[in-house]
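Step one of this worksheet: look at the structure below.
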Amino acid sequence: MAVSGRTPWSYRKGSSPLHRLSAGFKLAFLPALSLAAFFPGTEKRGLVILSAIAFLLILLSYAAGMRPWELLRGSRPLFLVVLAVLLFQAAEISPPGINRDGLYEGVIFCLRIAAAFAAGTLLFAVTTPGEIRKSLSRLETALHLTKLKPGLSLSLMLGFIPKFFEIWENINLAWESRGGKRKLSRLVVLIPLVIERMMVRAAETAEALEARGA
């Protein structure tokens, strides 16, 4: 098993101000921060917004007892795929070269992804799945949506995000323990295995919910 607290997007025990903050507020604020990273506008406005988000995330990470760079733990495979796609789009065949505008847009897009990823890491680092469920249940009651149970679906969806990284860490550890190299071929082999494990986990969760009458 992956070590709790070190797996990307996993909960870290603590008593920081962010840990004690209302789960509902964190659920509203941190995802909104992720969306703000993709706010449309001019290049200058985009850079200003990204800079402000990055500065705020750094402050919040210290408030949560984390180092800022820990917010990007586990993001390497994601960025490898994103960079490969963006470099392919920026490449010009005739004449051979690099489209500077396309490359610049690619870099900005990577920064947006980094900000969104870091905000998600921070959310799950200071908020337990139980706190998320309770907060969404209260919102269901306030909106009179208890029969539809949208909070249950949303909490399950959010819960599967850290599970993905937990499964990825375990499979990656097994790959490296058997002499596997950190090459692009690793993604080709491991990603289908991760998807399979996630599907099995989803089926087990659905079966458990049915047994409880959910």
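Straight-line reach from Lys181: taking Cα to Cα under 16 Å and skipping same-chain neighbours fewer than 8 places apart, the aspartates and glutamates in range are Glu169.
In the chain, helices alone account for a calculated mean residue ellipticity at 222 nm of -24000 deg cm²/dmol, with every DSSP H run of four or more residues adding -39,500 (n - 2.57).
Which residues make up the longest stretch of the chain that has no trypsin sites (Lys or Arg not before Pro) in a DSSP loop with at most 15 other Cβ atoms within 10 Å? Present the calculation step by step, with values, prior to reporting the outcome.
Values: sites that count: Arg6, Lys13, Lys147, Arg178, Lys181, Arg182, Lys183, Arg212.
With a cap of 15 other Cβ atoms within 10 Å, the longest stretch comes to 14-146.
For the chain, modelled as a GNM whose springs connect Cα atoms under 10 angstrom apart, the maximal fluctuation among Gly180, Gly14, Gly74 occurs at Gly180.
In whole percent, what relative contact order does the chain give with Cα contacts below 8 Å and a gap of six or more residues?
Details: 180 pairs, mean separation 62.2, N = 214.
The value is 29 percent.
Think of segment 1-127 as a dipole: +1 on every Lys or Arg Cβ, -1 on every Asp or Glu Cβ, centred on the Cα centre; then among Ile58, Gly41, Gly102, Ile58 lies furthest on the positive end. Above 15 Å, the calculated P(r) of segment 44-131 contains 65 percent of its Cα-Cα pairs.
Any read-out appearing in this document is the output of simple, stated calculations on the displayed coordinates, not a laboratory observation. Everything numeric here is computed off the predicted structure, so don't read it as measured data. Neighbour counts run over all protein chains shown; Cβ positions are idealised from the backbone, glycine included.
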